[in-house]
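*Asks:* Next up is a structure, given as structure tokens.
Just so it is clear, none of the values below were taken in a lab; they were calculated from the coordinates. These figures come from a predicted structure and were not determined experimentally. Because the Cβ atoms are built from the backbone with ideal geometry, glycine has one as well, and the counts that use them run over all protein chains shown.
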Amino acid sequence: QISGDVVKIGVLNDQSSLYADISGQGSVTAARMAVEDFGATVNGKKIEIVFADHQNKPDVGSNIARQWIDRDGVDTIVDVPTSSVALALAPLIKEKNKVFLNSGAASSDLTGKACQTTTVHWTYDTIALSKGTGGAVVKAGGDSWYFLTADYAFGHALERDTAEVVKAAGGKVLGQVRHPLNTSDFSSFLLQAQASKAKVIGLANAGGDTINSIKQAAEFGIVTGGQKLAGLLVFVTDIHALGLQTAQGLQLTEAFYWDQNDETRAFTKRFEAVMKKKPSMVQAGVYGAVLHYLKAIKEVNTDEGEKVVAQMKKMPINDFMTKNGSVREDGRVARDMYLFEVKKPSESKGAWDYYKPIRTIPGDEAYRPLKDGGCSFVKG
Amino acid sequence: MDRATRITFALMIVALVAAPYILYPVFLMKVLCFALFACAFNLLIGYVGLLSFGHAAFFGSAGYVTAYTVKMWGLTPELGILLGVLTGAGLGLIIGWLAIRRQGIYFAMITLALSQIVFFYAVQAPWTGGEDGIQSVPRGRLFGLIDLHDSMAMYFTVATIFVLAFLFIYRVIHSPFGQVLKAIRENEPRAISLGYETDRYKLLAFVLSSGLAGLAGGTKSLVFQLASLTDVQWQMSGEVVLMTLVGGLGTIFGPIVGAAVIVTMQNYLAEFGSWVTIIQGAIFVVCVLTFRRGIVGEIMGRFGPKGAAPTGGGH
Amino acid sequence: MAEPLLSVADLHAFYGESHALHGMNFDIAAGEVVTLLGRNGAGKTTTLKSIMGVLGQRRGSIRYQGQELIGLSSNAIARRGIAWCPEERGIFASLDVEENLMLPPTVRPGGMSLDEIFTLFPNLKERLRSQGTKLSGGEQQMLAIARILRTGATLLLLDEPTEGLAPVIIQQIGRVIAALKERGFTILLVEQNFRFAATVADRHYVVEHGTVVDMIENRNLAQHLDRLRERLGV
Amino acid sequence: MAGEHILETQDLTKEFTGFVAVRKVNLRVRRHTIHALIGPNGAGKTTVFNLLTKFLRPTAGQILYNGNDITQSKPAAVARSGMVRSFQISAVFPHLSVRENVRIALQRPLGTSFHFWKPERSLESLHARAEQLIDDVGLTQFRTAIAGELPYGRKRALEIATTLALEPELMLLDEPMAGMGGEDITRIAELIQTVAKNRTVLMVEHNLSVVAWLCDTITVLQRGEILAEGPYTEVSQNPAVIEAYIGTGHG
Amino acid sequence: MFELIGIPPQALFGQLLIGLINGAFYAMLSLGLAVIFGLLNIINFTHGAQYMMGAFVAYLALTYLGVGYWGALILAPLLVGAFGILLERTMLHRLYKLDHLYGLLLTFGIALIVEGVFRNEYGSSGLPYAIPAELRGGYNLGFMFLPVYRAWVVLASVIVCFGTWFVIERTRLGAYLRAATENPTLVQAFGINVPRMITLTYGFGVALAAFAGVMAAPIYQVSPLMGANLIIIVFAVVVIGGMGSIMGAIVTGFSLGVIEGLTKVFYPEASNTVIFVIMAIVLTIKPAGLFGRSA
Ligand SMILES: Nc1ncnc2c1ncn2[C@@H]1O[C@H](COP(=O)(O)OP(=O)(O)OP(=O)(O)O)[C@@H](O)[C@H]1O
Ligand SMILES: Nc1ncnc2c1ncn2[C@@H]1O[C@H](COP(=O)(O)OP(=O)(O)OP(=O)(O)O)[C@@H](O)[C@H]1O
Ligand SMILES: [Mg+2]
Ligand SMILES: [Mg+2]
């Protein structure tokens, strides 16, 4: 019952712009490693990998997805950073009864309002990030916030989720400024944030916008002036782009850091052999997701989306980055998240030695409670 | 139509009928939508000499309107598309009216500016769904009968729309109106001194073009069951310029070829990942340097009757 | 007769495929004023363009002061002391009248001074500050001539300099040309208005279909008048 | 149909930033005459043309055409009302054939010019007339030639043919003979004479022999003001005119 | 009345100053574009990429050659300028007689290639570049904290802008350049080597972009796409100023910075769009832009 007698895995992500570094070819490599470790076949059927660039555009993404499923017999679509693309694909994949293993996208709606029985949201989401970073920062005394928010759906979501966390933890939100995507100069917004006298400036944006905000915050003496920055969607690659000189002291949440333990270092070593750089949490997540998917197929011996995902939800997850995690009913993968702080240049022992761990956020508290998601098929 | 055109047209029809049994229909539909879009654009640049850098506004907003009315009001596809066309034309009337008195690059820029304002609206307005766009739009039943979720049915609907629009454009170009347009492109003051209110002719041409762009946009949003910011972005306006140029500016079949080439490129290059843009760039460079009149333009220049080739360059 | 200043031999010129000059032959001695007469489309302008080197495709030979010009770029040709006043005047819109006037670099000493120029063309002096193309048709023509008088070039190629000029101005131009001849300038003049040509030129070449079909000395123009009339169809 | 004057201006004035090109000109053009506007370069002739045909708006003054005030109307409107101009710098549609050039002018009266749904065939009825006009200006062998490649003089001829196609009541010709060889001049001059029979012509021309030959009335402009007016014989004797324009001993 | 809008005056001063600073950047960037368009009639869509190259040269010079910021300010314009000259000689020079479209398409293609190559080499999320030690810190103006580096940006930009303006509008060379844009054939027939002049001009325009790139490196994200996002805005600045008008580009650059700055306070969401609103308004009122010579 394996369609086309081959299990075809389609890695669909940003190969050419904003998120190419955190996903891109790296994710493809991660997927290949997973297949390798699983063994080239599942129940005697070959496993193939294809990949493509969705340019962060929903229409391009869904176009490729359709083609893959209708014409090329792809059985699962993996990674898909950029919430808008992910949200466009989820229903499509469900309609075709294939599997959607999302590692790259942030939107918590994927397992909330927009949940699908064929979707698994693997690595992280806006809630986990805001809970991790937001919660921790408030605990550390940063109880008044001002948001720098990208005026896009994901920015709003990030701001909304974090604001809730902050309020829940007894902090207050003094205001926010919504900036257009791809703004090059943030000094004006930063000045407004400064004027708000908030203790913490939450950066509810991504990629270049985040980097520019942090760079210019340093330049305008925001941090030395006593205010703290909280990057809500920051990847290790962004830190690399900033340099420790500017990024030091920044607190952020990730699901994986290459230098956590021997297992992660081992994985990184293999990954680096191919990619010549360190893996991001998204890429690490792709590995885990693909491996788990193949295990599920092995059990149920079919590639029908619903069945496979149902099986994935039955089995616990255990790999180098996820310890006894689980796929929840709504498709959310519950696993530990980690709060890090960026080292000072003096503390760093070399290239890519950027983080020091602050605390681990256990899976059951890191994510949104099942019932609050508003996912249609979650009963109770 | 002259003989060459007739033959090419016949071949095109044959190809359109045969294609879906060989190639992937959704891909073909994408090509057709963009071909139509490019033809609409070419009507303006190729035959009036107006370079609009804001056509995405018509293409995209028509897409939104069609998607929204079909999804939210449950309109039938044909009505949805019709509304799309009207949106395009209406918007065209406003933007055209503001822009039409400008010359050359300034015309391009004012259209760009206005389309960027449309884009801003699309980002801000709640009903367009920000960068998520309007998703999982039902294709519905054509005239309440034919179920368009069957991709063949959808394909032949799109193909029909395309052919009709193509014939319409051909007729416009070769109408008395078309003649005046040519004259205006060649020497506007002279056309005025012959008693033509050139602005009105240009405006009408602009509205026709934007309406057709709307047709393309509306149809596309049904094909992909999605309307998104991509289609209102200035890059989209740029893309249609590229398609037209690659195919052959001011040639009747050029835009179609151009669209086919570019879309195919994007489609099959997608697997080259990060090399896509490089390859794309290289192709544009080659186009401009080696066959500037565009694919079709060059062919006509080489084999076609003398003077048949479009006139690249000028002002 | 001494080695001519300019000698054109078997000159062919092309616009794309269309063959405009079919073997022009003529020469000009230093200090002479020579006209090319001919109907519209005969090839007069094309001849000047070929000499100036602004027309890419040309064959044959154009020798100036004994050196071959074919193969040289137009700026090199200009530096050898040849100046051109085009048919369509070529006044620059983005420059004001003064800038237009001062634009051509001086290639030789001995050009006219501004004062001399202004005494010839009083209109220009009044309009120095206005945009070049805002001048009237005739004023533009004057400006186009005036600016090459400054450069000190020794061979002037004038393409229909009297077109659209008022009789008084035409007479002025006539005087200018005479004055220039005095100073030893050599002038190749393209004219339609042969009554004017007769007042200034030493010799006339008659051009038809891209070749020289006749040459008439100005002094015995009288007896050949009918021949010329019939050739030009006046 | 008001009066013997088809065109009248009252104190027509045009000022360009700080420079008066046309000053209080009162021009009267009698119906069915050929009227010449001459004057030194920069006198304001072309500007007057541009004012009459609304390509420039007057700073002050009025323009009456057939008795009604057209000071505020649009260029195209003026052209449609039967006052048509030609340009000093020749104006054709370079990439169209000679015949198409003329046809463009002919098709307007059909009133189908906005009909984007009608076939081109609907214009073929015009070819006969077009070719006749082309023959009239002696371009017979150029009918199908591309206008842009005609030599200068031919372009002028074509332009006149196009202007004639509009059956104008009043033709404004700006230096129609400029850059033409004797042969063409004669032909065009005769042409003008024939067409002038049942219409009015106002022309700018520097070629005095042509002016003398063709024109009934001559207005001499200088520095934007009318210097003299009258028949050629009279004007050409006027010392002021000789001094300012004609000069001694015919150019 | 500021309070009515809810912004205390001194904060507003701060915003105005910031606006001016950003304006300095727009001015510097649009300058090169204006020069190139004005003199070559080419809409140089590679400008963004060349700006990016400038920033990257700065980074590479630092990491591999140990050449610091000041060195880069010289080195980058030279290298990138040379690259520009290469482009002009090999490709652009074939396009002058053609419609703007072709130049735009070609340079756009080149931009894609360049950005693609850099992305393959250095990834998309960018590279670090710190503010040079001499220019760290800032002045406390009471109503705001003015980083030294920003002050330097303004200074440099003002010098570069007015230097360029003077050369083009007030010198003989400038007159040649302007004339050459209109009728190169004739200018060459006057004895001026137009092709070489044009090549050098393009090189200069590109060098300006690179210079701006180096200026940007310490404060903006240094990534292959840093220019792609900017080009359209900068281009808009040039258009508002009037294509090819140097003064126009400069004035518009600065004033736009200020207007954008205010928008960032009163309607931040629109701060990227305001420029287009202005462009629409300006072109509706002044068909050829603020300083444009209307045809
Ligand atoms: N740009 C061009 N393309 C094609 N043919 C041209 C071009 N310019 C001129 N010709 C042709 O070359 C021939 C000579 O033209 P040229 O302008 O030299 O004639 P001319 O004697 O100067 O006429 P005129 O007295 O009208 O200036 C003409 O037959 C003309 O048709
Ligand atoms: N747009 C303008 N701006 C400023 N001055 C102008 C403009 N147009 C014309 N002029 C000036 O007005 C005067 C009259 O110009 P006009 O073209 O009417 O002269 P004209 O009588 O046609 O001369 P010609 O016989 O040489 O064509 C000239 O001095 C000219 O410089
Ligand atoms: Mg000539
Ligand atoms: Mg005139």
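*Asks:* By residue number, which cysteines of the protein assembly as shown lack any other Cys whose Cβ falls under 4.7 Å from their Cβ?
*Replies:* Singleton cysteines: B:Cys33, B:Cys39, B:Cys287, C:Cys85, D:Cys215, E:Cys161.
*Asks:* In terms of modelled amide H atoms, which long-range or inter-chain residues lie less than 5 Å from the amide H of A:His179?
*Replies:* Here the answer is A:Thr149, A:Ala150, A:Asp151, since their amide H atoms fall under 5 Å of that of A:His179.
*Asks:* Now, a different point. In percent, how large is the relative contact order of the stretch B:67-195, given Cα pairs closer than 8 Å and 6 or more residues apart? Before the final figure, lay out each step's value.
*Replies:* On the way: 62 pairs, mean separation 30.6, N = 129.
Relative contact order, the stretch B:67-195: 24 percent.
*Asks:* Kindly flag which residue pairs out of A:Lys167/B:Lys220; A:Lys8/B:Lys220; A:Lys172/A:Lys269 have an alpha-carbon separation exceeding 32 Å in this structure.
*Replies:* Numbers: A:Lys167/B:Lys220 44 Å; A:Lys8/B:Lys220 28 Å; A:Lys172/A:Lys269 43 Å.
Those over the limit are A:Lys167/B:Lys220; A:Lys172/A:Lys269.
*Asks:* If amide hydrogens are placed 1.01 Å from N in the peptide plane, which non-local residues have theirs closer than 5 Å to the one on A:Glu48?
*Replies:* Amide H neighbours of A:Glu48: A:Val7, A:Lys8, A:Ile9.
*Asks:* Then there is this: Going by how many other beta carbons lie within 10 Å of each one, how would you line up A:His240, D:His127, D:His95, fewest first? Can you show the working numbers first?
*Replies:* Working: A:His240 21, D:His127 14, D:His95 18.
Lowest to highest Cβ neighbour count: D:His127, D:His95, A:His240.
*Asks:* Once each part is reduced to its C-alpha centroid, what is the distance from the stretch A:276-322 to the stretch E:76-146 in angstrom?
*Replies:* 43
*Asks:* Who wins for biggest fluctuation among D:Ala161, D:Ala130, D:Ala91 in a Gaussian network model of chain D, springs between alpha carbons below 10 Å?
*Replies:* Result for chain D, Cα springs under 10 Å: D:Ala91 fluctuates most.
*Asks:* What ³J(HN,Hα) values, in whole Hz, does the Karplus curve 6.51 cos²θ - 1.76 cosθ + 1.60 give for the stretch D:219-236 when θ = phi - 60°, with x put for Gly and Pro?
*Replies:* 10, 9, 9, 8, 6, x, 10, 6, 9, 7, 8, x, x, 3, 3, 5, 4, 5
*Asks:* Calculate how steeply helix E:69-90 sits against the longest principal axis of the alpha-carbon atoms of chain E, using the helix alpha-carbon long axis, and give the answer as 0 to 90 degrees to the nearest 10.
*Replies:* 30
*Asks:* Using a/c under 1.5 as the rounded threshold, could you call the stretch C:71-211 rounded, prolate or oblate? The axes a ≥ b ≥ c are square roots of the C-alpha gyration tensor eigenvalues, and prolate needs a/b larger than b/c, oblate otherwise. Intermediate values should be presented prior to the final figure.
*Replies:* Values: a/c = 1.44, a/b = 1.19, b/c = 1.21.
Rounded shape, in that the Cα axes give a/c under 1.5.
*Asks:* What are the aspartates and glutamates whose alpha-carbon lies under 15 Å from the alpha-carbon of A:Lys307, with same-chain residues fewer than 8 places away excluded?
*Replies:* Reachable aspartates and glutamates: A:Asp75, A:Glu95, A:Glu299, A:Glu329, A:Asp330.
*Asks:* Which residue, A:Ile214, A:Ile127, A:Ile49, tops the fluctuation ranking in a GNM of chain A built on C-alpha contacts under 10 Å?
*Replies:* For chain A, modelled as a Gaussian network with Cα springs under 10 Å, the answer is A:Ile49.
*Asks:* Ok, one more. Compute the angle between helix D:98-107 and the longest alpha-carbon principal axis of chain D, please, reported from 0 to 90 degrees and rounded to the nearest 10.
*Replies:* 80
*Asks:* Which angle from 0 to 90°, rounded to the nearest 10, does the C-alpha axis of helix A:281-300 make with the longest principal axis of chain A?
*Replies:* So the inclination is approximately 30 degrees.
*Asks:* Have a look at A:Met312, A:Met275, A:Met321 and tell me which one the Gaussian network model of chain A (Cα, springs below 10 Å) gives the largest fluctuation.
*Replies:* Between A:Met312, A:Met275, A:Met321, it is A:Met275 that shows the largest mean-square fluctuation.
*Asks:* Scan around D:Arg23 for amide H atoms under 5 Å from its own, H built in the peptide plane at 1.01 Å from N, and keep only partners 5 or more places away or cross-chain.
*Replies:* Sorted by chain and number, the residues that satisfy this are D:Lys14, D:Glu225.
*Asks:* Can you work out ³J(HN,Hα) from phi for every residue in the stretch B:260-267, in order, using Karplus 6.51 cos²θ - 1.76 cosθ + 1.60 and θ = phi - 60°, giving whole Hz and x for Gly and Pro?
*Replies:* With coefficients 6.51, -1.76 and 1.60, one gets 4, 4, 4, 4, 4, 3, 4, 5 Hz.
*Asks:* Sorted by packing (mean other beta-carbon atoms within 10 Å per residue), highest first, where do D:200-210, C:220-230, D:5-15 land? Could the numbers behind the result be given before it?
*Replies:* Values: D:200-210: 22.3, C:220-230: 11.9, D:5-15: 19.3.
Ranking, from highest mean packing down: D:200-210, D:5-15, C:220-230.
*Asks:* Give the cross-link partners of C:Lys125 among the aspartates and glutamates, using a straight C-alpha distance below 16 Å as the criterion and excluding same-chain residues fewer than 8 apart.
*Replies:* C:Asp96, C:Glu98, C:Glu99, C:Asp115, C:Glu116, C:Glu139
*Asks:* If you restrict to DSSP beta bridges whose two residues both lie in the protein assembly as shown, what percentage is antiparallel, to the nearest 5? Walk me through the numbers on the way to the answer.
*Replies:* Numbers: 65 of 137 bridges.
Among the beta bridges of the protein assembly as shown, antiparallel pairing accounts for roughly 45 percent.
*Asks:* Got a sec? How would E:His47, D:His115, D:His35 order by Cβ neighbour count within 10 Å, fewest to most? Write out the running numbers ahead of the final one.
*Replies:* Numbers: E:His47 29, D:His115 15, D:His35 24.
By the 10 Å Cβ count, ascending, the order reads D:His115, D:His35, E:His47.
*Asks:* So which of B:Lys202/E:Lys286; A:Lys139/A:Lys349; A:Lys96/A:Lys277; A:Lys276/A:Lys349; A:Lys57/A:Lys139; D:Lys74/E:Lys286 end up more than 27 Å apart by C-alpha? Present the calculation step by step, with values, prior to reporting the outcome.
*Replies:* Values: B:Lys202/E:Lys286 20 Å; A:Lys139/A:Lys349 29 Å; A:Lys96/A:Lys277 36 Å; A:Lys276/A:Lys349 19 Å; A:Lys57/A:Lys139 38 Å; D:Lys74/E:Lys286 20 Å.
Pairs exceeding the cut-off: A:Lys139/A:Lys349; A:Lys96/A:Lys277; A:Lys57/A:Lys139.
*Asks:* Here is a further query. Once you sort the root eigenvalues of the Cα gyration tensor of the stretch A:1-89 as a ≥ b ≥ c, which label holds: rounded (a/c under 1.5), prolate (a/b larger than b/c) or oblate (the other case)? All intermediate terms of the calculation are to be shown ahead of the outcome.
*Replies:* Numbers: a/c = 2.88, a/b = 1.45, b/c = 1.99.
Oblate, because a/c is 1.5 or more while a/b does not exceed b/c.
*Asks:* Can you sort C:Asp202, A:Asp14 from fewest to most other Cβ atoms within 10 Å of each residue's own Cβ? Each step should come with its number before you reach the end.
*Replies:* Values: C:Asp202 16, A:Asp14 28.
So the ranking, lowest neighbour count to highest, is C:Asp202, A:Asp14.
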